[in-house]
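A.B. asks: For reference, the structure I am asking about is given below.
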Amino acid sequence: IFPMQSAIFSLSEALSQVELSFVEQMGLCGVARKFWDVQTEILHEEKGIIIGNAFVLAQVVVAQTVGIFIRIRRHCKNCTLPGKKETVLQFESEIALHGSLSEVMVIESVANYFKHQHEWPEDWEEKAATPLQAKTLRSVKDIGMTPGDLTENMEIALRDLRIRNDLPSILHKLKSWRERLATKLS
């Protein structure tokens, strides 16, 4: 997880730079969105992209953790621990602020949203989506995300995890989850 922490700190620094540039561009009071210039729109979009990349980086940690947990679980005799990805994502994870998803499930779903949003139906109609898309759509709608602005959706996701632009906190949550899983395996 240490190399991931270094990478997420770099993303966090980039986010700070974008936010500083945004404030310099807008002033402390800000300007209504309809009056933003092109540079301000680009900075806003860049913020969402940076946050989205942090979720994808965190998803790598989730995938590694689930894979290792399931592999170790196979060697347990009379094991009652979850053995499928979906149940492991909910197991020993804190519940996110809104909806009923675990924080780990939110991280997984938001990373998938970030990577695949352009493949989804424009109105996020689940009937027009593939089964996998529909599953992720339900998850991100559950936390309050809506079709449209990437950055606003990324900010909603951070708030649902009780994080305010502190990207390393995403990995801290996963580190704690991993430790709780490890105690269940011992």
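The values are calculated or read from the model by the stated rules, or taken from the named source; none is laboratory data. Remember, it's a predicted structure, so these values are computed and weren't measured experimentally. Quick reminder, even Gly has a Cβ in these numbers, built from the backbone with ideal geometry, and neighbours come from all protein chains shown. When the accessible area is computed, the model is the full protein with side chains, heavy atoms only, and any ligands, DNA or RNA have been set aside. Shrake-Rupley method; radii C 1.70, N 1.55, O 1.52, S 1.80 Å.
A.B. asks: If you go through segment 95-133, how many residues are open to solvent by 10 Å² or more (accessible area, probe 1.4 Å) and among the small types (G, A, S)?
C.D. replies: Number of matching residues: 4.
A.B. asks: Restricting to segment 151-168, what's the tally of residues that are in contact with a Lys or Arg (Cβ under 8 Å, 6 or more places away or on another chain) and either within 14 Å of V62 (Cα to Cα) or in a helix (DSSP H, G or I) (or both)?
C.D. replies: 3
A.B. asks: Scanning for something in contact with a Cys (Cβ under 9 Å, 6 or more places away or on another chain), open to solvent by less than 70 Å² (accessible area, probe 1.4 Å) and over 30 Å from E13 (Cα atoms), does segment 51-72 turn up at least one residue? Please lay out each step first, then the result.
C.D. replies: Kept after step one, since they are in contact with a Cys (Cβ under 9 Å, 6 or more places away or on another chain), are these residues of segment 51-72: none.
No - not one qualifying residue is present in segment 51-72.
A.B. asks: Looking at (1) under 28 Å from S109 (Cα atoms); (2) touching a Leu at 6+ places or on another chain (Cβ under 7 Å); (3) without any contact (Cβ under 8 Å) to a residue 60 or more places away in the chain, find the lone condition where S21 falls short.
C.D. replies: Looking at each condition in turn, S21 falls short on (1).
A.B. asks: Looking at Q64, Q117, Q90, Q59, can you tell me which residue is at pLDDT 90 or above, in contact with a Ser or Thr (Cβ under 9 Å, 6 or more places away or on another chain) and among the polar types (S, T, N, Q)?
C.D. replies: Within the list Q64, Q117, Q90, Q59, the selection yields Q90.
A.B. asks: While we're looking at this one, here's another question. Do you know which of the residues in segment 149-186 that are farther than 11 Å from G48 by Cα and among the hydroxyl-bearing types (S, T, Y) is surrounded by the most Cβ atoms within 10 Å (Cβ to Cβ)?
C.D. replies: Once the filter is applied, the top-ranked residue is S169.
A.B. asks: How many residues are without any contact (Cβ under 8 Å) to a residue 60 or more places away in the chain, of a type in the set (A, V, I, L, M, F, W, C) and assigned to a helix (DSSP H, G or I) if we restrict to segment 102-150?
C.D. replies: The qualifying residues number 9.
A.B. asks: Condition check: under 24 Å from Q5 (Cβ atoms), in contact with a helix residue (DSSP H, G or I) (Cβ under 9 Å, 6 or more places away or on another chain) and in a loop (DSSP other than H, G, I, E, B). Does S93 satisfy that?
C.D. replies: Yes; evaluated as a whole, the condition is true for this residue.
A.B. asks: Among what's in segment 20-69 and is outside any helix (DSSP H, G or I) and not small (G, A, S), pick the residue that is farthest from R164 (Cα to Cα).
C.D. replies: Per the criteria, the residue is D37.
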